[in-house]
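Just below is one structure, and these are the notes that go with it.
The values are calculated or read from the model by the stated rules, or taken from the named source; none is laboratory data. On a predicted model such as this, the values are computed, not experimentally measured, just so you know. Every residue, glycine as well, gets a Cβ built from its backbone with ideal geometry; the counts of neighbours run over all protein chains shown.
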Amino acid sequence: MVIHDPTVDRTTNGTGTVNQMTLAQLKELDAGSKFDIKYAGEKIPTLDEVFKAVGKDILINVELTNYASQTDQLIPKVAELVKANGLEERVLFSSFLPGNLKWIHQLLPDVPVALLCLEGFAGSFSRSFFAMSVSPHIIHPYLMDVNPKYVAKEHKRGRRVHTWTVNYEDDVRSVVSAGVDGIFTDNPKVTREIMESMLK
């Protein structure tokens, strides 16, 4: 299932922990009304449904979020879905856990992997120690840890920098000016307009 939170409470009309619910139970929920009434009745999609709907049109960042159960079969199942849909060139994988990235890289060695980094000291540790152990193609730092010097350093290492979560105009302008290669945002239309105006 493609859902950000460990529970369904914030984004649907239901309550409960995602990994304690069946597919049928999750599919009964309304995942649209809490955002806008015009989205009433929207269902939580499976990853296969997302791949089939937009996989040929856009690059998809798949965050591997098995943080509570790192030895489950999520990663091989995701790898099989990517292969079944022929999307090896249309996805990248990200995770806060280096072990996830190593595992998926063994299964799909041609697909880029990205190390997600927390903010502050924890993020600094991830960007140094964990990055050395995983050799990611991309780094996903928190937006407040992004500056031109850091981005230039990662570019010298041959890594792209995609920062999260950038929702305000001043922050968009700041990270674009710093030279990032990608932005995670909840406001893609506005963010894209700002980026295009800056990069003309």
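For this structure, a couple of remarks:
- Considering (1) at pLDDT below 95; (2) exposed (fewer than 13 other Cβ atoms within 10 Å of the Cβ); (3) polar (S, T, N, Q), the lone condition that Gln106 does not fulfil carries the number (1).
- Note on the range 120-148: residues that are out of contact with any strand residue (DSSP E or B) (no Cβ under 6 Å at 6 or more places or on another chain), aliphatic (A, V, I, L, M) and not in a helix (DSSP H, G or I) amount to 0.
- Residues that are touching a strand residue (DSSP E or B) at 6+ places or on another chain (Cβ under 7 Å) and among the β-branched types (Val, Ile, Thr) were ranked within the range 16-33; the one that is farthest from Glu63 (Cα to Cα) is Thr17.
- Looking across the range 149-168, the residues that are part of a loop (DSSP other than H, G, I, E, B) and not aromatic (Phe, Trp, Tyr) come down to Arg157, Gly158, Arg159, Thr165, Val166, Asn167.
- Only residues that are at pLDDT below 90 and over 18 Å from Leu92 (Cα atoms) were counted in the range 131-152, giving 2.
Residue-wise test of (1) closer than 25 Å to Glu193 by Cα; (2) surrounded by fewer than 21 Cβ atoms within 10 Å (Cβ to Cβ).
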site: Leu87; (1), (2): no, yes
site: Phe129; (1), (2): no, yes
site: Ser135; (1), (2): no, yes
site: Thr165; (1), (2): yes, yes
site: Val175; (1), (2): yes, no
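- Those helices (runs of 4 or more DSSP H) lying entirely in the range 1-119 with at least 1 residues of a type in the set (Gly, Ala, Ser) and assigned by TED's automatic domain parsing to the domain that holds Ser133: 47-54, 74-84, 98-107
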